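The next block holds one structure in the form of structure tokens; read it before the comments.
None of the figures in this text is laboratory data; all of them are computed from the coordinates on show. Bear in mind that the values here come from a model prediction, so they are computed numbers and not experimental data. When we count neighbours, we look across all protein chains shown, and the Cβ atoms used for this are built from the backbone with ideal geometry, even at glycine.
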Amino acid sequence: MSQASAIPSPRDPAPPIAANVRYKSRSQRKMIDMGFVAVCVTSASLSIIILLYLLASIARQALGVNFETNSFKNVLFSSAFSLTLISLIVLMIAGFGLLFGKRSRSRLITVAVAATLLVLGLLATVSIVKGESTYIYLTKTFLTEPHSYKPRNAGMYPAIIGSVFVCAVCAATAIPIGVGTAILLEEFKPKNNKLRRVQSFVQLNITNLAGVPSIVYGTLGLTAFVYMFGLFGTVNEPLLEIGSSKSGFYFRLPFGRGVLAAGLTLMLVVQPIIIVASQEALRAVPDSLRQGALALGATRWQTVWNITLPASIPGIMTGSILAMSRAIGEAAPILVVSAIGYIALPPQNLMGKFTVMPLQIFNWASEAKHEYHNVAAAGIVVLLAELLTFNAVAVFVRQKFTKQLS
Amino acid sequence: MSQSPLGLPSLPPIGLNRSSGLRRARETVVIGTLICCGLFSLLTTVTIIVVLTKETASFFGRDEVTVLDFITGTEWNPLLGNEKHFGIWPLICGTMLITVIAMGLALPLGLITAIWLSEYAHPTLRAVVKPVLEVLAGIPTVVFGFFALTVITPNLKWLHEGFGVYNAMSAGLAVGIMTLPIVTSLTEDALRAVPKSLREASYGVGATRFETSIKVVVPAALSGIVAAFLLAIARAVGETMIVALAAGSTAQLTINPQDSVQPMTGFIVQMVKGDVSNFDIEYYSLYAVAATLFIMTFLLTVVGHKIRVRFRQEYQ
Amino acid sequence: MTEHDPTFSTTADTGAATLPKVKPPAIKMRKTEDLASLKIAISLRNFNSWYTDFHALHDIDLDIPENRVTAFIGPSGCGKSTLLRWINRMNDLIAGARCEGTLDLHGDNLLDRKHDVVELRRRVGMVFQKPNPFPKSIFDNVAFGPRLHMKMAKSDLGDLVERSLRQAALWEEVKDRLKDSALGLSGGQQQRLCIARAVAVSPEVLLMDEPCSALDPKSTAAVEDLISELRERYTIVIVTHNMQQAARASDYTAFMHLGDLVEYNATEQIFSKPENERTQNYITGRFG
């Protein structure tokens, strides 16, 4: 069988085959390994530093502190702010662990150290702000006033209400259609070969839609929802009008540049995300549950409605909440659809003029007057607060409602 | 038969159940509704293609522009009164410049971070970092645009005098930072899909962790990694708000990152902010650019999907 | 003790003071020398290991002789795979695994933290239960190890790959298709490829974790023949749950149960004259 030519004994110290074979330096290989770890740690630290600097500069501008770019004070503020933020996070995590988990010595020490650092950081930050700030732009009136020609009086109120309306429309349309499509693709898989090809085509199509830039959806929304292909007259001379544009109920064809059109456009943007997330939630339900229901004589829809859907609701809800959080942050499609500058009042009805939070921030940031940058920063703080809230709610929903399924 | 063993009244034989007809009707209605939902996504794609094609055709139907001029022209100034030019290349060049800078930052860094997360990092660290990456991926892009405008650009100007208020480098860096979490997340998924037995085989022969990652895991996950990269490039190409804030509105053919450039998405924003309801040629040029953008991202997504499906390694 | 149940007869029935002789299985077993006269390759003393809080191995004392085949047998969960994986420190990859005691390879203490794990895994090769070739060509699979550890000319590498494949009794079958993907081979061929891959870095010891459990009988026979040839060059340790395989293929057998090393002796002894009652019960199929 094996015709082994003279293979030297395995324990010969000499090279295994020929004189010109050398062993590679093991320490060198180890150094490369450690070098890679060093590179990773460096790049991770750099990323964290950049992220913290980003947050610090937004907070700084929102609080009205305007340093020149590379002054030492800038670095000082960023460090103080980062210290405050990090110690706050550590304090929260360790604090929760202490309250709900086991009380260990190390946790107590962590909490104590974090609290001290937090106080120090807060003191430093507040003193810098007190000393250098010209005006704090993040105030309560910021949330209740509309835009004004004086940056200090500018507020976000119409944008906030506009965002709520648009996202409500978006959620009301996107979630049913998206979940319905997901159920169709996951639970009603055809056995016919031709239909199966159609199904994979639809799936591929959804993957493509996920990659389409949101501004292209904006142009689609412009044509399809605002102008409605010109089939119902123009925006200024609508074919159909019910109610008056000042009242709470007003409907027109074409939709024109209103909340409804924007909501529907956003629905297009958010569709693929909801479909994919719902598909994953449905896939996570173990097959044994479905088999059990079918074996008892349930039809496919009965199985879905009574067994699969209830089991996957937490996952679907989490996915939808995250998708909505993305939707609130989308400015490009809304820009194409609404294309109006500053709005003084929140929208009166579904067809009314409106603006959304990210768009308002964009407008402020594009202003020539640099003081508006501070106002934009304050708006970003509000937007990020909303993002965090949505994510926290999503995590909470996932934790609380996900049950053990098998 | 009278009574079943449990003492319950017996059911009529199968097929004579009166409500089965109703049940079947309801089932059909429900399935019909679901199919409509499914067709909606097809309808969306069809509508996009139809709308873009129709308006682009109107664009090319105008006297001031020809298809040849569009595809080969190197000047783009649609608002210049009598001297309108409609060559698409300056816009594509702007998009490409920004995308190259962004991907130069995001792809290597994302790959390294993904390798570290999946091969080196402690499981609890990975469990913490993954959700954080998801949150970072959801940050609205205006935030990064604002960052580019108010932080990156001044820093670049301090570094070197040549950077203008609007420049491609600043926008490119911001787009890179924005896509970094997505690249890391998708690449890490691809790496984790490689089965543990391959890693064990490599360690068993005496490889270091770095050698295992680079010579076994990454090659095995390559199709997924390439698909992830293509998806990230598609995101960068389609990015709007960052470039609208930081890149500028000068459409020119340049590879100098210090210059102000206008990518395709930036042009669409510029057109839309003005008054375009009078259906002039500028309005139609918007659709032509949108069509080009759509074709580019469509190709990227399709190629990525094909690569992932065709070259997916059978590990066993 | 259970009450006397006439359905079963126990060893107590015979009333003999010593255990009765078990009928030897109809398998030809090798004649081996006395353990004390052999050179020892691997020795364990007071070896204990834990998975977090679970005490997996208790006070193992074992000497594995050089250039012989030693088999670890025992029911599921007895710790034989765990013990095997400690010899080449593969358990380092599992979080929470730790050990105490002495584990020496030719006098080198393997448990010393400073001992280079990378070199250890070159000296102690491993073949896994399910064949796990890399999704690369056959040549690249075998050449993977040498390329990591050694610098050599391309022709030398080709020679080394050929010799490794010959040692694994695979050369004749694949010599025309070295560039083809390794995944195109059958299960038995893939396992022999894994053996060739392990052998290519010139190890001193070969560890095999149930190498034939995923193979059909014909491939199993081929691999067992291979093992008995390879023992001339390498010290081989197999883990198997198939007692007949242990009887066929090994020189020495260690029987483990619930983390203890119950009995360790020449294979012939274990299967014909076991000294411990538990061993006998396992071998005769009373449990396991």
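From helices alone, the protein assembly as shown scores -18000 deg cm²/dmol at 222 nm; the rule is -39500 (n - 2.57) for each run of n ≥ 4 DSSP H residues, then divide by the residue total. Average projection, convex hull of the Cα set of chain A: 36.8 square nanometres. Sorted ascending by nearby beta carbons within 10 Å, beginning with the fewest, C:202, A:200 become A:200, C:202.
Shown in residue order for region B:87-103 are the 3J(HN,Hα) couplings computed by the Karplus curve 6.51 cos²θ - 1.76 cosθ + 1.60 at θ = phi - 60°: x, 7, 4, x, 5, 4, 4, x, 4, 5, 4, 5, 5, 4, 4, 4, 6 Hz (x for Gly and Pro).
I need the calculated FRET efficiency for the pair residue C:52 and residue A:164, taking r as the beta carbon distance and R₀ as 51 Å, to the nearest 0.05. All intermediate terms of the calculation are to be shown ahead of the outcome.
On the way: r = 50 Å, r/R0 = 0.98.
Plugging the Cβ-Cβ distance into 1/(1 + (r/R0)^6) gives 0.55.
The label-point distance for residue B:63 and residue B:302, in a model that sets each label 7 Å from Cα toward Cβ, rounds to 3.7 nm. Close amide H partners of residue B:73, meaning residues 5 or more places away or on another chain with modelled amide H under 5 Å apart, are B:88, B:89. The base-10 log of I(q)/I(0) for region B:76-311, evaluated at q = 0.10, 0.12, 0.15, 0.16 Å⁻¹, reads -0.55, -0.74, -1.01, -1.10 [Debye formula, identical scatterers on Cα atoms, solvent excluded]. Starting from the Cα of residue A:24, draw a straight line to each of the lysines and keep only those under 24 Å, dropping any in the same chain fewer than 8 residues away. Cross-link targets: B:215, C:114, C:136, C:151, C:154.
Taking the 0 to 90 degree range and rounding to the nearest ten, how far is the long axis of helix C:138-149 tilted relative to the main principal axis of chain C, both from C-alpha atoms? Taking the Cα atoms of chain C, the angle to C:138-149 is about 90 degrees.
Membrane-span-like helices in chain A (whole DSSP H runs, Cα extent of at least 15 Å along the helix axis, mean Kyte-Doolittle hydropathy of at least -0.5): A:26-62, A:72-100, A:105-132, A:157-187, A:193-211, A:259-283, A:309-328, A:371-401.
With only alpha-carbon atoms in the gyration tensor, what are the semi-axes of the equivalent ellipsoid for region A:26-132, in Å, largest first? It would help to have the intermediate numbers written out before the result.
On the way: eigenvalues 180, 129, 20 Å².
Semi-axis lengths for region A:26-132 are 30, 25, 10 Å.
Measuring from a point 7 Å past the Cα of residue A:79 along Cα-to-C-beta, which residues in region A:114-129 have an amide N at less than 14 Å? Those under the cut-off are A:121, A:124-125.
Considering only alpha-carbon pairs that sit under 8 angstrom and 6 or more positions apart, the relative contact order computed for chain A is 19 percent.
Counting, for every residue in A:219-225, the Cβ atoms of other protein chains within 10 Å of its Cβ and taking the mean gives 6.
Would you mind checking the pairs B:196/C:39; B:130/C:130; C:39/C:80; C:39/C:273 and listing those with alpha carbons more than 29 angstrom apart?
Numbers: B:196/C:39 36 Å; B:130/C:130 31 Å; C:39/C:80 23 Å; C:39/C:273 24 Å.
Flagged as over cut-off: B:196/C:39; B:130/C:130.
With 5 Å bins beginning at zero, the pair-distance distribution over Cα atoms of region A:63-121 amounts to 4, 20, 21, 17, 12, 9, 7, 6, 4, 0 %. If both residues of a DSSP beta bridge must be in the protein assembly as shown, then about 65% of such bridges are antiparallel. Close amide H pairs (under 5 Å, H built 1.01 Å from N) link residue C:41 with C:64, C:66, residues at least 5 positions away or on another chain.
In units of 2.2 N^0.38 Å, what is the alpha-carbon radius of gyration of chain C? Please report the intermediate quantities before stating the final value.
Working: Rg = 20.4 Å, N = 288, 2.2 N^0.38 = 18.9 Å.
The reported ratio for this selection is 1.08.
Over all Cα atoms in region C:128-247, the spread is summed up by Rg and Dmax: 13.8, 45 Å. Give the residues of region B:181-201 whose amide nitrogen is closer than 20 Å to a point set 7 Å from the Cα of residue B:125 in the direction of its Cβ. From region B:181-201, the list is B:181-193.
May I ask you to derive the FRET efficiency for residue C:179 and residue B:197 from their Cβ-Cβ distance with R0 = 25 Å, giving the value to the nearest 0.05? Please list the in-between numbers first.
Details: r = 23 Å, r/R0 = 0.93.
It comes out at approximately 0.60.
This ranking places A:43, B:20 by how few other beta-carbon atoms lie within 10 Å of each, fewest first, which gives B:20, A:43.
Only four residue types carry charge here, +1 at the Cβ of Lys and Arg and -1 at the Cβ of Asp and Glu. Report the dipole size of region A:133-211 about the Cα centre in Debye, rounded to the nearest 20.
Details: 8 positive and 3 negative charges, 57 e Å.
Computed charge dipole of region A:133-211: roughly 280 debye.
With +1 assigned to the C-beta of every Lys and Arg and -1 to the C-beta of every Asp and Glu, and no other charges, what is the dipole magnitude of the protein assembly as shown about the Cα centre in debye, to the nearest 20?
Values: 90 positive and 74 negative charges, 208 e Å.
That gives a dipole near 1000 debye.
Between residue C:254 and C:71, C:72, C:73, the built amide H atoms are under 5 Å apart, and every one of these is 5 or more places off in sequence or on another chain. Straightening the chain between residue A:280 and residue A:122 buys 52.6 nm, computed as 0.36 nm per residue apart minus the Cα-Cα spacing. Shown is the FRET efficiency for residue A:294 and residue A:100, computed with R0 = 41 Å from the Cβ-Cβ distance and rounded to the nearest 0.05: 0.50.
Quick one: divide the alpha-carbon radius of gyration of the protein assembly as shown by 2.2 N^0.38 Å and tell me what you get. Intermediate results must be reported in sequence, preceding the final value.
Details: Rg = 35.4 Å, N = 1010, 2.2 N^0.38 = 30.5 Å.
Compactness ratio reported: 1.16.
The order of B:28, C:82, going from fewest to most other C-beta atoms within 10 Å of their C-beta, is B:28, C:82. Taking +1 at the Cβ of each Lys and Arg and -1 at the Cβ of each Asp and Glu, which of A:211, A:391, A:281 sits farthest along the dipole of chain A towards its positive end, judged by Cα position relative to the Cα centre? Ranked along the dipole, the leading option is A:281.
What you get for chain C, charging only the Cβ of Lys and Arg (+1) and of Asp and Glu (-1), is a dipole of about 920 debye around the Cα centre.
Between A:104, A:304, A:115, the Cα set farthest toward the positive side of the dipole of the protein assembly as shown (charges on each charged residue's Cβ, about the Cα centre) is that of A:304. A straight Cα-to-Cα reach below 25 Å connects residue A:150 with the lysines A:130, A:140, A:353, A:369, B:273, residues fewer than 8 places away in its own chain not being considered. Above 23 Å, the calculated P(r) of region B:182-316 contains 53 percent of its Cα-Cα pairs.
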